[in-house]
Amino acid sequence: MLLAGAAGCTSDDDEADSGAQVVVVAADFNNSSLVDQAYARALQLRIEQINASGQLGDRELRLVTKDNRNDPTVSLRNISTFADDPAVAAVVTGSCDECVVRASKTINDKTVPVIALAASDQVASPVPERQYIFKLNPNSADSSAALVNELVRANARKIAVLYSNDLYGVDANRALGAALENTPGFNVTVARAVKPGSTDITQSVGTLTDTEPDALVVLTPPDLAALAATSARRGGFTKRLLFDAAAASDLFIARDAAAATNSATMVFTQILAIDDVVATTPAKSARKQWFRDYTSRYGSYSGVASFAADAADLIADAVARVGADRPRIREILETSQVDGLSGPIRITPDNHSGLMPQALTLLVARSGRWRLAS
């Protein structure tokens with residue numbers, strides 16, 4: 001469940017009690033989504049750490065969340081309510097791609113900075129229509145480039161693709177096709193779309209594996225990726241299984257999918273395999289510490305948590321400099337260059353999707369958890 005302490009708005013009494021000026025970070029999440037639950041936990045923990053650090057001086061961040069129920073209409077109402085509250089400095093949105101896209105005009109009109117944690121490239125592009133929206137999830141083109149490099153390395157020329165029939169999945173499938181266009185001899189021989197939230201995709205996966213591909217590439221959220229793996233292995237598919245970054249979930253793979261995903265490859269950041277990373281830089285040390293802090297608080301680690309923590313850090317940096325001045329916060333976000341917990345982030349006026357391709361690496365599933373592939 002989303003954290004109960006983040007359910008209400010702030011008041012003058014709150015400020016008087018704490019002696020600090022309260023600046024609200026609002027969040028529009030789907031309470032039923034495991035991904036959004038991880039985002040909420042990460043935001044709460046990171047905001048507590050930021051407040052304790054003293055970096056905001058006489059200001060204090062306060063997290064307020066609303067449940068969008070994965071409904072773009074409800075999400076629009078939530079975001080509008082947040083935008084009308086002068087205490088809200090910025091909004092963080094969760095996994096619902098369509099929610100952000102449909103709200104983009106309202107976000108721009110009400111000039112409220114939004115950091116989107118959704119996977120679709122469309123949440124932050126085209127930039128002229130997303131002036132107040134920024135994205136921290138991996139970009140489809142970068143994820144696809146890493147997948148194609150691995151397919152070439154493995155000489156997996158005949159490729160079947162399963163993708164989710166939503167904004168993210170369509171983006172990812174298109175990006176993979178574009179990445180393969182310049183790779184002679186490697187091509188998608190068959191692709192199938194499945195509905196988000198499906199509980200049985202055996203037929204779709206069987207259609208793909210019946211073509212005897214060298215690799216099955218899965219471009220779906222975590223729940224569908226696990227279903228795809230179990231369906232493929234149960235159907236006798238023994239060749240390469242590859243996931244893009246949207247499949248990332250918990251550190252430990254669910255028991256019912258662990259055997260099926262063994263040796264599967266996923267494109268993601270290093271955070272899910274942080275135990276394999278040597279802390280040779282301050283940024284890597286910070287990532288290892290964040291991993292420990294989150295795991296200590298919540299018992300395990302969710303791969304997506306670092307995106308929400310980076311959102312909190314970016315907002316906090318802006319608030320420390322300009323308070324709750326939204327246009328100036330937007331200007332600061334638009335030129336942010338940091339080595340975040342997810343990896344290097346570089347946002348520019350021409351590119352509001354800031355996670356750099358260098359943040360992505362290849363992970364491999366071994367014994368029910370993710371490890372660095374090399």
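Figures for the structure shown
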{"item": "Theoretical ellipticity at 222 nm over the chain - DSSP helices of four or more residues, -39500 (n - 2.57) apiece, nearest 500", "result": "-13000 deg cm²/dmol"}
{"item": "For segment 224-374, share of DSSP beta bridges that run antiparallel, in % to the nearest 5", "result": "90 percent"}
{"item": "Cut-off 14 Å between beta-carbons: net charge of the residues surrounding residue 285, Lys and Arg +1, Asp and Glu -1", "result": "+1"}
{"item": "Percent breakdown of C-alpha pair distances by 10 Å bin, ordered from the shortest bin, for segment 254-374", "result": "13, 37, 31, 14, 4, 0"}
{"item": "Share of Cα-Cα pairs in segment 205-244 lying beyond 12 Å, as whole percent", "result": "52 percent"}
{"item": "For segment 320-326, Karplus couplings with θ = phi - 60° (6.51, -1.76, 1.60), whole Hz, Gly/Pro x", "result": "4, 8, 10, x, 9, 6, 4"}
{"item": "Amide N proximity, segment 237-276 versus residue 155 label position 7 Å along Cα-to-Cβ, cut-off under 18 Å", "result": "239-241"}
{"item": "Ranked packing of 346-357, 108-119, most packed first, by mean Cβ within 10 Å", "result": "108-119, 346-357"}
{"item": "Residue 348/residue 178 FRET efficiency (R0 25 Å; Cβ-Cβ; nearest 0.05)", "result": "0.70"}
{"item": "Segment residue 278-residue 111, extension gain: residue separation times 0.36 nm, minus the distance between their alpha carbons", "result": "56.0 nm"}
{"item": "Segment 207-333, accessible area per residue, ligands and nucleic acids excluded (1.4 Å, Å²)", "result": "38 Å²"}
{"item": "Cα gyration tensor category, rounded, prolate or oblate, for the chain with a/c compared to 1.5", "result": "prolate"}
{"item": "Spatial separation of Cα centroids for segment 222-297 and segment 302-374, in angstrom", "result": "19 Å"}
{"item": "Length gained when the stretch residue 373-residue 234 is fully extended (0.36 nm per residue, less Cα-Cα span)", "result": "47.6 nm"}
{"item": "Net charge, residue 169 excluded, C-beta distance under 15 Å - Lys, Arg +1, Asp, Glu -1", "result": "-4"}
{"item": "Nearby lysines by direct alpha-carbon distance to residue 110 (threshold 20 angstrom, same-chain neighbours under 8 apart not counted)", "result": "66, 135"}
{"item": "Accessible-area composition of the chain, carbon plus sulfur, in percent [1.4 Å probe]", "result": "47 percent"}
{"item": "Computed over segment 87-222: relative contact order in percent, which uses C-alpha pairs under 8 Å that are six or more apart", "result": "22 percent"}
{"item": "Segment residue 127-residue 73, extension gain: residue separation times 0.36 nm, minus the distance between their alpha carbons", "result": "17.2 nm"}
{"item": "Amide hydrogen neighbours beyond the local backbone of residue 27, cut-off 5 Å, H modeled", "result": "64, 65, 66, 92"}
{"item": "In order through segment 62-74: 3J(HN,Hα) via Karplus (6.51 cos²θ - 1.76 cosθ + 1.60), integer Hz, x for Gly, Pro", "result": "10, 8, 10, 10, 9, 8, 9, 6, 6, 10, x, 5, 5"}
{"item": "Ordering of 218-224, 164-170, 196-202 by burial proxy (mean other Cβ atoms within 10 Å per residue, highest first)", "result": "218-224, 164-170, 196-202"}
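The values are calculated or read from the model by the stated rules, or taken from the named source; none is laboratory data. Bear in mind the structure is a predicted one, so any value in this text is a computation, not a measurement. With ideal geometry, Cβ positions are generated from the backbone for all residues, glycine too; neighbour counts draw on all protein chains shown. The area values use the complete protein model at the heavy-atom level, side chains included, leaving out ligands, DNA and RNA. Shrake-Rupley method; radii C 1.70, N 1.55, O 1.52, S 1.80 Å.
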